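Q: Quick one: structure below, then a few questions.
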Amino acid sequence: MINLNGLKKIILDILFPIECLGCRTPDVWLCKSCLEKIPLNTMANCPVCHKANNASVCKSCRTVTALDGMLITTSYENPIIKQSIQALKYNYLTDLAKILSELMIKYIDSFDKKNIPAILYSQSELMLTCVPLHKKRLLERGFNQSELLARNFNQHFGFTYIPELLMRIKYTSAQALLSKKERVTNLNDAFEVNRDFNIFNKNVIIIDDVATTLTTLNECAKVLKRAGSKEVWGLVIARGS
Ligand SMILES: [Zn+2]
Ligand SMILES: [Zn+2]
């Protein structure tokens with residue numbers, strides 16, 4: 001007798017047979033050797049004007065974003081990365097979150113000690129969170145990919161992790177489906193800080209899967225700063241175009 005879960009697994013196995021997205025090795029979504037071949041971002045730039053620095057937003061770009069810096073693990077141009085992120089989000093292959101968060105860990109650990117952003121040293125004042133989904137979207141998808149990434153990432157670093165620090169109060173269209181212009185206004189007033197937590201003078205790192213125009217992270221940073229936080233940085237797997 002096959003129960004419902006067994007049946008679900010069989011159907012998923014037919015639709016998405018488990019094999020490495022890179023080399024088709026069976027039974028893994030991303031094998032060790034393909035994972036090791038993914039080049040990590042070695043350049044640190046201002047996320048707005050791309051001037052080389054330590055990944056912080058440079059002085060002259062402060063007027064256009066509330067973010068203080070961006071940590072970008074690898075390139076979205078890498079087909080394995082693009083496929084993995086899409087499979088995690090749209091094909092519900094949640095096992096990929098663990099694998100992708102390993103890349104994030106490796107990237108943070110690879111930072112040149114002289115150039116490492118100070119926020120990563122501010123342990124006692126540092127809070128880690130993720131970009132939240134609206135309750136309705138969470139029900140549709142069943143999980144928040146950014147939360148899975150952040151949770152796995154933090155198992156290594158052990159920062160103060162508060163997944164519910166930000167709340168999404170507006171149900172909006174998916175950013176990816178909108179034009180550049182629409183993306184900017186789509187998220188106006190979409191986020192709020194959960195007042196159960198005191199973030200006065202705290203530094204916050206927000207994890208998301210992909211950043212494109214930085215609109216989502218900027219909106220999150222805006223409300224965090226309004227609520228009193230000090231520095232706000234984003235950490236993503238990749239930056240899309
Ligand atoms: Zn492989
Ligand atoms: Zn700049």
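Q: Of all residues being part of a loop (DSSP other than H, G, I, E, B) and of a type in the set (A, V, I, L, M, F, W, C) in segment 127-160, which is farthest from residue 227 (Cα to Cα)? Just the residue, please. Break it down into steps so the answer makes sense when it comes.
A: Restricting attention to segment 127-160, the residues satisfying the condition of being part of a loop (DSSP other than H, G, I, E, B) are 131-134, 142-144, 158-159.
Of the ones still in play, those that are also of a type in the set (A, V, I, L, M, F, W, C) are 131, 133, 143, 159.
Details: 131: 16, 133: 20, 143: 27, 159: 20 Å.
Ranking the candidates gives 143 first.
Q: I'd like the full set of residues that are free of Cβ contacts under 8 Å to residues at least 60 places away in the same chain, surrounded by 11 or more Cβ atoms within 10 Å (Cβ to Cβ) and either within 14 Å of ligand 2 (Cβ to nearest atom) or in a loop (DSSP other than H, G, I, E, B) (or both), limited to segment 33-50. Full working, then the answer.
A: Step one: list which residues in segment 33-50 are free of Cβ contacts under 8 Å to residues at least 60 places away in the same chain, which gives 33-34, 36-37, 39, 43, 45-46, 49-50.
Retained after the next criterion (residues that are surrounded by 11 or more Cβ atoms within 10 Å (Cβ to Cβ)): 33-34, 37, 45-46, 49-50.
Correct list: 45, 46, 49, 50.
Q: Let me ask you something else. Picking from 89, 106, which residue would you name as being more than 15 Å from residue 208 (Cβ to Cβ), part of a helix (DSSP H, G or I) and either away from ligand 2 (no atom under 16 Å from the Cβ) or modelled with pLDDT under 95 (or both)? Let's see the steps before the verdict.
A: On the way: 89 fails: more than 15 Å from residue 208 (Cβ to Cβ).
Step by step, each of 89, 106 is checked, and only 106 is more than 15 Å from residue 208 (Cβ to Cβ), part of a helix (DSSP H, G or I) and either away from ligand 2 (no atom under 16 Å from the Cβ) or modelled with pLDDT under 95 (or both).
Q: What single numbered condition from (1) among the β-branched types (Val, Ile, Thr); (2) surrounded by 20 or more Cβ atoms within 10 Å (Cβ to Cβ); (3) assigned to a helix (DSSP H, G or I); (4) modelled with pLDDT of 95 or more fails to hold for residue 119?
A: Just one mismatch for residue 119, condition (4).
Q: When you scan segment 56-66, how many residues do you find that are touching a residue at least 12 places away in the same chain (Cβ under 8 Å) and within 11 Å of ligand 2 (Cβ to nearest atom)?
A: Initially, segment 56-66 is screened for residues touching a residue at least 12 places away in the same chain (Cβ under 8 Å), giving 56-58, 61, 64-66.
From what is left, the residues that are within 11 Å of ligand 2 (Cβ to nearest atom) are 56-58, 61, 64-65.
Adding up the residues that qualify gives 6.
The values are calculated or read from the model by the stated rules, or taken from the named source; none is laboratory data. Fair warning: this is a prediction, and the values are worked out from it, not measured in the lab. Reconstructed Cβ throughout: ideal geometry from the backbone, glycine too, with neighbour counts over all protein chains shown.
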